[in-house]
Amino acid sequence: MKDQLKPKIRLPDLAIFGKEPAFAEKVHVGRPNIGNRERLLGRINDMLDRNWLTNDGPYVQEFEKRIAEFVGVRHCVAICNGTVALEIAIRALGLTGEVILPSFTFIATAHALQWQEITPVFCDIDPQTHTIDPAGIERMITPRTTGIIGVHTWGRACNVAALEAIARRRNLQLLFDAAHAFGCSYKGKAIGGFGRCEIYSFHATKFFNTFEGGAVLTNDDALAEKMRLMRNFGFRGNDNVIYIGTNGKMTEVCAAMGLTSLESVDEFVAINRRNYLAYRRELNGIPGVTLMAYNESERTNYQYIVVEVDEREGLGRDELVRVLTAENVLARRYFFPGCHRMEPYRSYFPHASLTLPVTEKVCRRVTVLPNGTSVDERAITLIGQVIRTAIAEAGAVRAQLAVSVQHGVMVADRP
Ligand code: T4K
């Protein structure tokens, strides 16, 4: 880091002017949280001694039991990743035709449908919560619609009650992509138990990880049983396949990581919350920069530090990301440009943006800043200073960025 005693970063100190980056090492969004190393290695040793590495082993069974207890849901079916968890849930629910979902999500939500030749129909989002706007759903329902996927974006719950009401009234299946929402609640009840089922991602970049991993949670016994068989090729016992299935199994080493991560969940949340409060302090009052607020009356994991940048106040989001990247702060533009602007959906629905004005706006404005156990308050203070100075001196920063583009040097792309 640059001289920590310096009270603040001034315009000429910025790396876009050729100075040393504020951080000597890259600061990532999504650096994995790692729990107690000795316990993890102990578990891995036991696993090797047992010589049982996958196929519904003892760690996977223990992991499923612990997750179901933690969330307060009858069944947890552990899966190899969140995307396959979505695919299995979609197939087990018998979805076909069209399914309504937000475009403002990770591409996996849409791909899990299209992979099974189900058409994703993109609905706009609420500008405050960035989750699917229930008011937009009704007019997208056609005779081919079979379901709705709500995404609890950034761990903030969808308007579950409104979605449940629509699903009931229109006889549609409702499932939730809760990839971001492990450890979060809606109206005081843990996310994981809503709709027909909910899926989690336990990818390395998630606040709680199993290296790669995911799960489907449900209170429906028959659905859980079906998904268990589907994740194992559809086998019921040896030599007897009763459904089309896939290989969605979680490995023992991933479950060992999950069991270890679970022991540190409270610590991960506390660190994320501390960091969130530090960002709130450091970004306070910067014109055009709004930190997404977490609802403190709900349980949440505080994983995503989401900032909306209003270009009218100074710099655009992309300019700010370039300034930060030059300082080795690898801010991300999740979920730019929106699923509807990525292939194959862009070709299938070339006019989709006309029905997605809020998504379009949010995609242009949002950036996500680093959080997790690898980020501390000193780093956040520095990041805050970079942002404050860049916005305060927007004219000079913009001019400098334009010069570097003219010279063919994208400071943001410096290796
Ligand atoms: N639904 C939603 C709403 C989702 O957000 C996701 C996944 C899914 C479904 C699907 O779940 P999975 O099938 O992935 O379980 C990342 C993650 O790969 C992805 O899991 C996540 N959402 C998405 C929001 O973010 P990228 O493209 O940003 O990953 P990547 O490789 O650029 O990593 C992000 C940063 O983390 C990098 O700066 C480097 C750092 N990193 C990453 C890894 C893997 C590390 O420091 N260490 C690591 O081991 O997608």
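With semi-axes defined as the square roots of five times the eigenvalues of the C-alpha gyration tensor, the equivalent ellipsoid of region 168-226 measures 22, 14, 10 Å, largest first. Distance from the alpha carbon centroid of region 301-375 to that of region 7-79 works out to 24 angstrom. Restricting the trypsin sites (Lys or Arg not before Pro) of region 310-414 to loop positions (DSSP other than H, G, I, E, B) with no more than 16 neighbouring Cβ atoms within 10 Å leaves R333. The relative contact order of the chain, computed from alpha carbon pairs under 8 Å that lie at least 6 residues apart in sequence, is 22 percent. With all pairs of different C-alpha atoms in the average, the Kirkwood value for the hydrodynamic radius of region 348-403 is 14.6 Å.
Taking 0.36 nm per residue of sequence separation and removing the Cα-Cα distance, the R378/V241 pair yields an extension gain of 43.7 nm. With the cut-off at 1.5 for a/c, could you classify region 1-118 from its C-alpha gyration tensor as rounded, prolate or oblate? Judged from the Cα gyration tensor, region 1-118 comes out oblate (a/c at least 1.5, b/c at or above a/b). Here the label points at T142 and R346, each 7 Å from Cα along the C-beta direction, are separated by 2.3 nm in the simple model. Filter the trypsin sites (Lys or Arg not before Pro) in region 170-248 down to the DSSP loop ones having no more than 10 other Cβ atoms within 10 Å, then list what survives. In loop regions of region 170-248 (DSSP not H, G, I, E or B), the sparsely surrounded trypsin sites (Lys or Arg not before Pro) are K187.
Taking max minus min of the alpha-carbon positions on each principal axis, region 60-104 gives extents of 36, 20, 18 Å, largest first.
Farthest toward the positive end of the dipole of the chain, out of I100, H203, N295, is the Cα of N295, where the dipole comes from beta carbon charges about the Cα centre.
Expressed as a whole percent, the accessible surface of region 23-171 that belongs to carbon and sulfur atoms is 50, based on a 1.4 Å probe. Starting from the Cα of R74, move 7 Å in the Cα-to-Cβ direction to define the label point; list residues of region 228-242 whose amide nitrogen is under 18 Å from there. Inside the label zone: 228-230.
Once you sort the root eigenvalues of the Cα gyration tensor of region 293-415 as a ≥ b ≥ c, which label holds: rounded (a/c under 1.5), prolate (a/b larger than b/c) or oblate (the other case)? Cα axes put region 293-415 in the oblate bin.
Relative contact order of region 277-415: what whole-number percent is it, with Cα pairs under 8 angstrom and at least 6 residues apart? About 33 percent, as a whole number.
Surface composition of region 255-379: carbon plus sulfur atoms contribute 49% of the solvent-accessible area (1.4 Å probe, protein chains only, all chains present). When the Kirkwood radius is taken over all Cα pairs of region 186-268, what Stokes-Einstein diffusion coefficient follows at 20 °C and 1.002 mPa s, in µm²/s? It diffuses with D of about 150 µm²/s by this estimate. If a spin label sat at a point 7 angstrom from the Cα of R37 along the line to its beta carbon, the backbone N atoms of region 361-399 nearer than 18 Å would be those of 373-375. Computed over the alpha-carbon pairs of the chain, the distance histogram in 20 Å steps reads 26, 54, 20, 1 percent, short to long. Would you work out if region 73-189 is rounded, prolate or oblate? Take a ≥ b ≥ c from the square roots of the eigenvalues of the alpha-carbon gyration tensor; rounded if a/c is under 1.5, else prolate when a/b is larger than b/c, oblate otherwise. Judged from the Cα gyration tensor, region 73-189 comes out rounded (a/c under 1.5). The trypsin sites (Lys or Arg not before Pro) found in region 22-111 that occupy coil by DSSP, while having at most 15 further C-beta atoms within 10 Å, are K26, R74. A 1.4 Å probe run over the chain, with the rest of the protein chains in place, finds 44 Å² accessible per residue. Within the chain, which is the longest segment that contains none of the GluC sites (Glu not before Pro) sitting in a DSSP loop with at most 15 other Cβ atoms within 10 Å? The longest uninterrupted stretch comes out as 118-295. With 0.36 nm allotted per residue and the present C-alpha distance subtracted, the R281-L53 stretch has 77.5 nm of extension available. Projection of the Cα convex hull of region 148-291, averaged over all directions and equal to a quarter of that hull's surface, yields 11.6 nm².
The values are calculated or read from the model by the stated rules, or taken from the named source; none is laboratory data. None of the values given here were measured: they were computed from a predicted structure. Cβ atoms come from the backbone with ideal geometry, glycine included; neighbour counts cover every protein chain shown. Heavy atoms of the whole protein, side chains included, go into the accessibility calculation; ligands, DNA and RNA do not. Shrake-Rupley method; radii C 1.70, N 1.55, O 1.52, S 1.80 Å.
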